Amino acid sequence: MRGKIIKGIAGFYYVQCGPSVYECKAKGVFRRDKKKPLVGDDVEMTVLDGEERKGNITELLPRHSELIRPAVANVDQALVIFAVAKPQPDFNLLDRFLIMMRQQKLPCIVCFNKIDIDGDNAGPGYEEIYQKAGYRTLTVSAGEKIRIGELKELLRGRTTTVAGPSGVGKSSLVNCLQDGVVMETGGISQKIERGRHTTRHSELIAIEPDTFILDTPGFSSLGLFGLEKEELAGYYEEFAPYEKYCRFGGCSHISEPICGIRDAVEEGRISRGRYENYCLFYGELRDRKKY
Ligand SMILES: Nc1nc2c(ncn2[C@@H]2O[C@H](COP(=O)(O)OP(=O)(O)OP(=O)(O)O)[C@@H](O)[C@H]2O)c(=O)[nH]1
Ligand SMILES: [Mg+2]
Ligand SMILES: [Zn+2]
């Protein structure tokens with residue numbers, strides 16, 4: 001039988017096969033392919049006990065995409081979610097995530113949630129930063145169900161993984177998008193305005209017959225891997241039109257005398273915050289220990 005892994009907990013994989021979900025081990029797969037199954041994997045399985053819905057995964061079918069963080073297979077795009085407030089958006093973390101997704105060639109939608117508590121009306125400015133950087137953006141409210149229909153349009157026909165820090169409302173949004181599964185949601189700690197890491201395991205949920213969303217645990221830090229400092233600028237789509245104005249080939253855009261990128265920042269064509277994070281990441285890659 002053929003199915004899809006919708007959840008993995010403590011060595012068990014939950015495989016959706018038509019209307020039923022089987023609790024499976026994956027012994028055969030480990031033995032033969034030495035590969036770890038991921039949520040989102042299409043698999044071949046055999047039923048061990050039809051009544052108890054237990055089975056065994058015997059084969060992993062080829063993946064069309066594979067992400068390391070969150071660890072999921074066969075997604076078409078990522079919906080990166082930050083809150084406009086509570087917690088305040090961490091743009092350093094957001095930019096790191098966008099670099100990582102570009103390394104894995106996965107399209108990203110940048111979504112700001114909780115616009116119902118956006119007292120300073122910061123949302124439009126946040127959207128503008130990322131629109132300028134070439135991303136599709138959207139501000140929504142899971143709490144007040146604002147612009148959920150628009151979000152649904154962006155997800156239709158695809159498999160999307162949500163991603164973002166704890167407490168921004170990823171599970172709340174997943175709950176808004178369908179009425180089959182209710183993901184647990186958690187509060188925000190008052191003192192430090194951080195989420196409580198309520199979601200512990202990734203879970204794949206059907207929104208419509210051919211539309212899926214993956215709820216994932218929040219993350220709070222991301223390293224930059226598999227990347228040299230000279231390659232970093234290549235992950236900033238908005239830099240590309242201005243590189244021809246740099247005096248030196250291979251310009252780092254940090255301190256060279258005539259630099260198209262720095263000029264574009266001064267003129268407001270490239271967001272200053274994005275550029276400042278670029279400089280931070282460049283320094284981080286330069287100073288990184290070589291192992
Ligand atoms: N005001 C407001 N609160 C929201 C909104 N969406 C979610 N929340 C609240 O934010 C808190 C965190 O929501 P969750 O959905 O659990 O957040 P999460 O991103 O899934 O967090 P983790 O699972 O810990 O990664 C809860 O108290 C929600 O009620 C919103 O649009 N507006
Ligand atoms: Mg959650
Ligand atoms: Zn330059």
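Bear in mind these aren't lab numbers, they're just calculated from the coordinates by the rules spelled out. Note that the structure is a prediction, hence the values are computed from the model and not measured. Don't worry about glycine lacking a Cβ; one is built from the backbone with ideal geometry, like all the others, and counts go over all protein chains shown.
Structural remarks
- Positive minus negative residues near Arg156 (Lys, Arg vs Asp, Glu; Cβ under 13 Å): -3
- Using θ = phi - 60° in the Karplus curve 6.51 cos²θ - 1.76 cosθ + 1.60, the 3J(HN,Hα) couplings for the stretch 172-179 round to 4, 5, 4, 5, 5, 7, 7, 10 Hz; x is entered for Gly and Pro.
- Counting DSSP beta bridges with both ends in the stretch 141-281, the antiparallel % (nearest 5): 75
- Rounded Å value of the spacing that divides the Cα centres of the stretch 123-139 and the stretch 1-78: 36
- Counting Lys and Arg as +1 and Asp and Glu as -1 over every other residue whose Cβ lies under 15 Å from the Cβ of Ile146, the net charge comes to -2.
- In summary, the lysines within cross-link reach of Lys229, defined as a Cα separation below 26 angstrom excluding same-chain residues under 8 places away, comprise Lys105, Lys132, Lys244, Lys289, Lys290.
- Estimated from the Cβ-Cβ distance and a Förster radius of 22 angstrom, the FRET efficiency linking Arg194 and Ile9 is about 0.35.
- Within the chain, the cysteines lacking any other cysteine Cβ closer than 4.7 Å to their own Cβ are Cys17, Cys24, Cys108, Cys111, Cys176, Cys259, Cys279.
- In terms of surrounding Cβ atoms within a 10 Å radius of their Cβ, Val84, Val110, Val47 rank from fewest to most as Val47, Val110, Val84.
- Mean Cβ neighbour count within 10 Å, used as a protection proxy, ranking 160-166, 128-134 highest first: 160-166, 128-134
- Of the residues Cys279, Cys251, the one with the fewest other Cβ atoms within 10 Å heads the list, and the complete ranking is Cys279, Cys251.
- Ignoring lysines fewer than eight residues from Lys4 along the same chain, the ones with Cα atoms less than 17 angstrom from its Cα are Lys25, Lys27, Lys35, Lys36, Lys54.
- Each residue in Phe91, Phe82, Phe248, Phe30 was given a count of other beta-carbon atoms within 10 angstrom of its own, and listing them fewest first yields Phe248, Phe30, Phe91, Phe82.
- DSSP beta bridges fully contained in the chain are about 60 percent antiparallel.
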